[in-house]
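The values are calculated or read from the model by the stated rules, or taken from the named source; none is laboratory data. Just so it is clear, the model here is predicted, and its values are computed rather than measured. Quick reminder, even Gly has a Cβ in these numbers, built from the backbone with ideal geometry, and neighbours come from all protein chains shown.
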Amino acid sequence: MKRIALENLPKLYAVIGQKQSLILPIKTAGKTNFGLWTETADVDLQTLKTVKSAKDAFFPQSETLYTCYQEGKAIKIQPEDLENEDFVVFGIKACDVRGIKVLDQVFLSDPVDSFYAARRKHGTIVALACGQPESSCFCHVFGIDCKEPEGDVVTWLTADYLYWKSVTEKGEALTALVAELLQDCDGKAVDAQKASIASIMEKLPYANLSLDGWNGDALTEKFNSPIWEQLYKPCLACGTCTFVCPTCQCYDIRDYDTGKNGIQRYRCWDSCMYSDFTMMAHGNNRTSQLQRFRQRFMHKLVYFPANNNGMYSCVGCGRCVDKCPSHLNIVKVIKAFGKEEA
């Protein structure tokens, strides 16, 4: 176990940022999101949940795939370069790390997504334990340990220090890079924080949320349930839940005429909650908002675990609980089927 005094964190960021791109929580206009570190950035490790997760680092909101241009009478295709430089994503919470693991199941399965795979190869994850879990958190329901997250390096933040433990080869390499700033220590402060976090988690509103009846075998029962008819009605189809979700992986592919430099084909995040999602020549295969609403939650709790050895594609981060303007979220769905008070 190692540690660094909080007043020395700017030095830590500078050392990493001189060698690699450093992505970490940055506060802008009162909101905290992951962004590229600069010397003037307002780094914010205190905010528990960024507005969006860190998945942008590996699955950007928008990215160019290739460019088509005309050369004489021939049409040329120029693929976009893959990520080829190392970078660090610093301060990811346990739920968002699990979100990346969910994306791995999608983008690293055959056929492998080369853009995503390149970023995963070059990215180092520095995870940060959740010192003060909030009332909307329920990551433990999905077997996630917010007091000791997965990552290449795992860190804990106290009033005076950032504690540091390398876990993987990537983590060891990053630790070696900043070794002069770290000092050896025992883990007593970390053990105390873990105990405090566990105590907080036990008292949260969703501490006893049960997934009984939700699994890959629940397709027919859940799909045909009349409960959806009551649940979906307040939904505005705004897509906020999919936008802030760490695991949503739906995307659209579109073309952009640059006017001078050819046609760029790019992909961007999309949402199963939108009426034009997967629109084809004959129309949309989900013609009602009930169907689209049901699709989102069935995918999280039934379809995905059915195809990924029981792994759910919800990580209990609580962003949809906090952000939905109609107070609809996955917790409400789980409780409705469990006949609990939502």
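A few points about this structure:
- Any hit, region 113-125, residues being in contact with a strand residue (DSSP E or B) (Cβ under 8 Å, 6 or more places away or on another chain), under 18 Å from residue 37 (Cα atoms), surrounded by 23 or more Cβ atoms within 10 Å (Cβ to Cβ) and not assigned by TED's automatic domain parsing to the domain that holds residue 308: yes
- Every pair of residues 6+ apart whose Cβ atoms lie under 6 Å, when the first sits in region 118-138 and is under 30 Å from residue 82 (Cα atoms) while the second is crowded, with 21+ Cβ neighbours inside 10 Å and of a type in the set (Gly, Ala, Ser): 125/151; 127/151; 128/91
- Positions within region 53-84 being touching a helix residue (DSSP H, G or I) at 6+ places or on another chain (Cβ under 6 Å) and either of a type in the set (Asp, Glu) or in the same structural domain as residue 319 (by TED's automatic domain parsing) (or both), in sequence order: 83
- Of all the residues in region 53-78, those that are in contact with a Phe, Trp or Tyr (Cβ under 7 Å, 6 or more places away or on another chain), modelled with pLDDT of 95 or more and either of a type in the set (Val, Ile, Thr) or assigned to a loop (DSSP other than H, G, I, E, B) (or both) number 4.
- Residue in region 4-22 that is touching a Cys at 6+ places or on another chain (Cβ under 7 Å) and not aromatic (Phe, Trp, Tyr) present: no
- Within region 7-52, the set of residues being of a type in the set (S, T, N, Q), in a strand (DSSP E or B) and within 18 Å of residue 97 (Cβ to Cβ) comprises 32, 33.
- Answer residue from region 135-153, given it is out of contact with any helix residue (DSSP H, G or I) (no Cβ under 8 Å at 6 or more places or on another chain) and outside any helix (DSSP H, G or I) and is nearest to residue 335 (Cα to Cα) among those: 135
- Test: residue in region 93-104 that is farther than 22 Å from residue 168 by Cα and modelled with pLDDT of 95 or more: no
- The set of residues from region 16-56 being of a type in the set (Val, Ile, Thr) and surrounded by fewer than 17 Cβ atoms within 10 Å (Cβ to Cβ) comprises 28, 38, 40, 47, 51.
- Number of the condition not met by residue 259 [criteria: (1) within 30 Å of residue 82 (Cα to Cα); (2) buried (at least 17 other Cβ atoms within 10 Å of the Cβ)]: (2)
- Only one of the numbered conditions (1) modelled with pLDDT of 95 or more; (2) among the basic types (Lys, Arg); (3) surrounded by 19 or more Cβ atoms within 10 Å (Cβ to Cβ) is violated by residue 222, and that is (1).
- Here is the figure for region 225-239: residues that are surrounded by 17 or more Cβ atoms within 10 Å (Cβ to Cβ) and part of a helix (DSSP H, G or I) total 2.
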